[in-house]
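The values are calculated or read from the model by the stated rules, or taken from the named source; none is laboratory data. Just so we're clear, the structure is a prediction, and the values are computed from it rather than from any experiment. Cβ coordinates were reconstructed from backbone atoms using ideal geometry, including for glycine residues, and neighbour counts include every protein chain displayed. What goes into the accessible areas is simple: the full protein's heavy atoms, side chains included, and nothing from ligands, DNA or RNA. Shrake-Rupley method; radii C 1.70, N 1.55, O 1.52, S 1.80 Å.
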Amino acid sequence: MAGAKEIRTKIKSVQNTAKITKAMQMVAASKMRRAQDRMQAARPYAEKIRKVVGHLGSSHPEYKHPFLIERPIRKVGLIAITTDRGLCGGLNINLFKKVLNQLDEWDKQGVKFEAVTIGSKGLNFFKRLGMKIIAEASHLGDRPEITDIIGSVQVMLKSYESGDIDAIYLIGNNFVNTMTQQVKMRQLVPVVASRDENLKHHWDYIYEPDSKEVLDSLLDRYIESLVYTAVVENVACEMAARMVAMKSATDNAGDLIKELQLIYNKERQSAITQEISEIVGGAAAV
Amino acid sequence: MAMTIHVDIVSAEEQIFSGLAEMVYAPAVMGEVGIAPRHTPLISPLKPGEVRLDLGNGKEEFFFISGGILEVQPHVVTILSDTAIRADDLDEAAAIEAKKRAEAALADQHSDIDIARARAEIAAAAAQIAAIQKLKIRR
């Protein structure tokens, strides 16, 4: 029964692995719920600031902020949001695929690019790619705060303002539901202000102290809020993807155990049969 | 009943207050402002300080904000509050730190971009996944 013992240890080790994946699945499920709550909590601010920026788009301030002016694109900046940890299915891989396609396209158009990465997976990927990374933020944990990302976003905005890059794109995962996460890329700067169609008459704010200062601080915050909501959403995606991945791992382990158990039983059965036939054979010889 | 104005106080991380008030006092950069219903549209950055809401019937609410933006429309006041103290030099410091982290992480970088190689690696990973799935079906 040498084989049987080996199979028994194998079953034991698969069972242990299944225990771990099961635990990870449950942890991810509860973290996902909390991440979704945070997504909801961040929504009012994002909506309000989008509305205000939309109003500004339909009013006519005398000062045109650089973030609102389009210019010919020679170099773009990409803010890529990824996870810090693995074991979350194809979440990051799907994002990298999309990034590669986009980079290829830019390359063909002769557009240069550089990146800001949020999350260590993205950092490693772009590093291996040899892409220029001008800032990074990683190890934000499960509760990212807006202060964690301000620095990285500021680097991008500064290099936009100085004319080094001509557009900024944000790429991250969109939380559709627990089973589905979608990679989404959107343009951050120049700001595409959604015009409020309901406003029939044109009216403008009183800007205090002046439109320049107000627009400066407002647009900075608007972009930060967009990045922040995307980061929070990406955490929810990560947890959902991990939950699904770990669930399928646990299921697979269950199947494996069943199969191994079957082999073990067969082995045991044949050993017993052999022993009986040996005894019977021995008895017959006497 | 006295005239009221709808007030929303939100920060990037959560909603802080949403409801009606008779009067709103906020610390604008040019000095404290009081907003009554049907105020003319106004937009102004805020200093760190206290936002006071007069809810009527002698009831008041106080909120401390560390700066932000005040937007006033005739029937809605929106306060976009910051979660942290913001100043240009602080932002600058954060930016420099983010840059430094990237530079430290990239210390051993080789220069040219090799999209083809990365794509090949991803293709290999995808092929592996496909193979595993096929194996699974066969079982």
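Name, by its number, the condition in (1) within 18 Å of residue A:45 (Cβ to Cβ); (2) in contact (Cβ under 8 Å) with a residue 40 or more places away in the chain; (3) surrounded by fewer than 15 Cβ atoms within 10 Å (Cβ to Cβ) that does not hold for residue B:75.
(1)
Sort out which residues of the stretch A:145-168 are hydroxyl-bearing (Ser, Thr, Tyr), more than 9 Å from chain B (Cβ to nearest Cβ) and out of contact with any Phe, Trp or Tyr (no Cβ under 9 Å at 6 or more places or on another chain), and write them in order of number.
A:159, A:162
Scan the stretch B:27-39 and tell me whether some residue there is basic (Lys, Arg) and closer than 22 Å to residue A:150 by Cβ.
no
State whether one or more residues within the stretch A:151-171 are farther than 22 Å from residue B:106 by Cβ and part of a strand (DSSP E or B).
yes
Can you tell me which condition residue A:98 does not meet? The list is (1) open to solvent by 10 Å² or more (accessible area, probe 1.4 Å); (2) modelled with pLDDT under 90; (3) within 12 Å of chain B (Cβ to nearest Cβ), and all the others hold.
Result: residue A:98 fails condition (2) only.
Can you pull out the residues in the stretch A:135-162 that are open to solvent by 30 Å² or more (accessible area, probe 1.4 Å) and either touching a Gly at 6+ places or on another chain (Cβ under 6 Å) or not polar (S, T, N, Q) (or both)?
A:139, A:140, A:141, A:142, A:143, A:145, A:148, A:158, A:161
Look through the stretch A:101-127, keep the residues that are under 14 Å from residue B:106 (Cβ atoms) and touching a helix residue (DSSP H, G or I) at 6+ places or on another chain (Cβ under 7 Å), and return whichever of them is surrounded by the most Cβ atoms within 10 Å (Cβ to Cβ). Steps first, please.
Initial filter on the stretch A:101-127 (under 14 Å from residue B:106 (Cβ atoms)): A:114-117, A:120, A:122-127.
Pick out the ones that are also touching a helix residue (DSSP H, G or I) at 6+ places or on another chain (Cβ under 7 Å) and you get A:115-117, A:123, A:125, A:127.
Details: A:115: 27, A:116: 31, A:117: 28, A:123: 24, A:125: 24, A:127: 20.
Going through the qualifying residues, I end up with A:116.
Which count do you get for residues in the stretch B:1-21 that are outside any strand (DSSP E or B) and under 13 Å from residue B:75 (Cβ atoms)?
2
Surrounded by 15 or more Cβ atoms within 10 Å (Cβ to Cβ) and more than 14 Å from chain B (Cβ to nearest Cβ), is that true of residue A:31?
Judged against the criteria, residue A:31 is a match.
At least 2 residues that are at pLDDT below 85 in each: list the strands (runs of 3 or more DSSP E) lying fully within the stretch B:39-116 that qualify.
none
When residues of the stretch B:52-65 are filtered for being open to solvent by less than 20 Å² (accessible area, probe 1.4 Å) and in contact with a Ser or Thr (Cβ under 8 Å, 6 or more places away or on another chain), how many remain?
2
When the residues of the stretch A:74-95 are narrowed to those that are among the polar types (S, T, N, Q) and part of a helix (DSSP H, G or I), which ends up surrounded by the fewest Cβ atoms within 10 Å (Cβ to Cβ)? Walk me through it before giving the result.
In the first step, residues of the stretch A:74-95 are kept if they are among the polar types (S, T, N, Q); the result is A:82-83, A:92, A:94.
Among the residues that remain, those that are also part of a helix (DSSP H, G or I) are: A:92, A:94.
Details: A:92: 24, A:94: 16.
Across the stretch A:74-95, the extreme among qualifying residues is A:94.
Looking at (1) facing chain B (nearest Cβ under 9 Å); (2) among the acidic types (Asp, Glu); (3) part of a strand (DSSP E or B), find the lone condition where residue A:114 falls short.
Every condition holds for residue A:114 apart from (1).
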